[in-house]
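> Starting off with a structure, shown below.
The values are calculated or read from the model by the stated rules, or taken from the named source; none is laboratory data. None of the values given here were measured: they were computed from a predicted structure. Here the Cβ is made from the backbone with ideal geometry for all residues, glycine too, and neighbour counts use every protein chain on show.
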Amino acid sequence: MVSLVLLFVVYPLIASINITLYDWNGIGVPTRFVGLQNFIKVAQDQWFWNAFRNTFVYTFVLVPIQLALALMLALVLNNPRLKGSTVYRAVYFSPVVTSAALVGVVMSLLLSSMGSEISGPLMRAGLISAPVDVLGSPAFALPAVIAVGIWHTLGYNLVYFLAALQSIPKEMYEAAMVDGANAWHRFLEITIPMLREVGAVILFLAVLGSLQIFDLVLVMTGGGPYYASEVVSTYIYRFAFTPASVAAESNVGYASAAAFFMGVLVMTLTLGQLLAVRYLQQRKKA
């Protein structure tokens, strides 16, 4: 894992530092040296911090809900008395193998065509007074993307938890049942402690994956409306590849400076993951 992080995270981060020091549109060789001005502009840009906040909202809402659902489903699918468990596993994992961009397009069409069906019951219940355009509303755009994100990548964590549950010796549960422990106590005293080490890895992978959300947001909302669902990845994309972003010209140097912030964050979380897993491994041996 360390070698992969060095190759795909650390090296690109270091290689991009030189670009952050230039005002460059991505064509030819950068010549307009601006020093740390790009970093200063990023730090002072309210829309960057808006995207930064949305990224963390996405992560801290999606991860707990998704992991809780994945664990509950894994517990159900791990039951040997459940018939057709293989079929259920394939159904829950199938969204993962589908392109996020394709999922975003389909979900956008569904939410657009189902607008009246969603708004109708809410209006009759008196919760809203007018039909709501889910993806066109600043209040609902980001929650809609989060909901789709939970469904799309649920299968990853489901498979991880299921594999971890199957590695727990059945003799431990049998001994607990002989001692009179009910299902809840077996879950608290056996399942949770045995999943602690694997659970830490699953948690950090889910957090890192969520912080790098891009496809769904770009396809479903494009970061709108009014930047209500923009995340750091789409912010970087907008300044690097959208000509109208900076004075009718893209600015790869500025985008690289914004990406540098996220790169440092990802590296920090990765280091935290390695330290946490090592700590849990040492605690388990002790």
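> Just the residues that are among the aromatic types (Phe, Trp, Tyr) and surrounded by fewer than 16 Cβ atoms within 10 Å (Cβ to Cβ), please, taken from segment 115-164.
Of everything in segment 115-164, just one residue is among the aromatic types (Phe, Trp, Tyr) and surrounded by fewer than 16 Cβ atoms within 10 Å (Cβ to Cβ), namely Trp151.
Yes/no per residue for (1) at pLDDT 85 or above; (2) in contact with a Gly (Cβ under 9 Å, 6 or more places away or on another chain); (3) basic (Lys, Arg):
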residue: Leu4; (1), (2), (3): no, no, no
residue: Val10; (1), (2), (3): no, yes, no
residue: Asn18; (1), (2), (3): no, no, no
residue: Gly28; (1), (2), (3): no, no, no
residue: Arg32; (1), (2), (3): no, yes, yes
residue: Leu36; (1), (2), (3): yes, no, no
residue: Lys41; (1), (2), (3): yes, no, yes
residue: Val57; (1), (2), (3): yes, no, no
residue: Phe60; (1), (2), (3): yes, no, no
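> If you check every pair at least six apart or on different chains, which have Cβ atoms under 6 Å apart with a residue in segment 7-23 that is among the aromatic types (Phe, Trp, Tyr) first and a residue that is surrounded by 11 or more Cβ atoms within 10 Å (Cβ to Cβ) and not in a helix (DSSP H, G or I) second?
If the second residue must be surrounded by 11 or more Cβ atoms within 10 Å (Cβ to Cβ) and not in a helix (DSSP H, G or I), the pairs left are Tyr22/Pro30; Tyr22/Phe33.
> Could you please give the count of residues in segment 177-222 that are over 18 Å from Val61 (Cα atoms), at pLDDT below 85 and of a type in the set (Gly, Ala, Ser)?
Residues flagged as over 18 Å from Val61 (Cα atoms), at pLDDT below 85 and of a type in the set (Gly, Ala, Ser) within segment 177-222 amount to 3.
> Another question, if that's okay. Please verify whether Leu69 is under 22 Å from the mean Cα position of the chain (by Cα), over 17 Å from Val217 (Cβ atoms) and at pLDDT 85 or above, treating the condition exactly as stated.
Considered against the rule, which asks whether it is under 22 Å from the mean Cα position of the chain (by Cα), over 17 Å from Val217 (Cβ atoms) and at pLDDT 85 or above, Leu69 comes out as yes.
> Same structure again: Any residue in segment 165-172 that is surrounded by 17 or more Cβ atoms within 10 Å (Cβ to Cβ), out of contact with any Gly (no Cβ under 7 Å at 6 or more places or on another chain) and under 30 Å from Leu265 (Cβ atoms)?
The answer is no; no qualifying residue exists.
> Take the residues in segment 20-31 that are closer than 14 Å to Ser256 by Cβ and not hydroxyl-bearing (Ser, Thr, Tyr), then tell me which one is surrounded by the most Cβ atoms within 10 Å (Cβ to Cβ).
Trp24
> Mind listing whichever residues of segment 31-65 are part of a helix (DSSP H, G or I), without any contact (Cβ under 8 Å) to a residue 24 or more places away in the chain and β-branched (Val, Ile, Thr)?
Across segment 31-65, the qualifying residue is only Ile40.
> Also, I was wondering about something else. Among the numbered criteria (1) under 15 Å from Ala257 (Cα atoms); (2) of a type outside the set (Lys, Arg); (3) in contact with a Ser or Thr (Cβ under 8 Å, 6 or more places away or on another chain), which single criterion is violated by Val63?
Among (1) under 15 Å from Ala257 (Cα atoms); (2) of a type outside the set (Lys, Arg); (3) in contact with a Ser or Thr (Cβ under 8 Å, 6 or more places away or on another chain), Val63 violates only (1).
> Please note which helices (runs of 4 or more DSSP H) are completely contained in segment 185-244 and include at least 1 residues that are farther than 23 Å from Gln66 by Cα.
232-241
> Another question about this same structure. Could you tell me which of the residues Leu265, Leu165 is out of contact with any helix residue (DSSP H, G or I) (no Cβ under 6 Å at 6 or more places or on another chain) and either within 30 Å of Phe140 (Cβ to Cβ) or among the aliphatic types (A, V, I, L, M) (or both)?
Leu265
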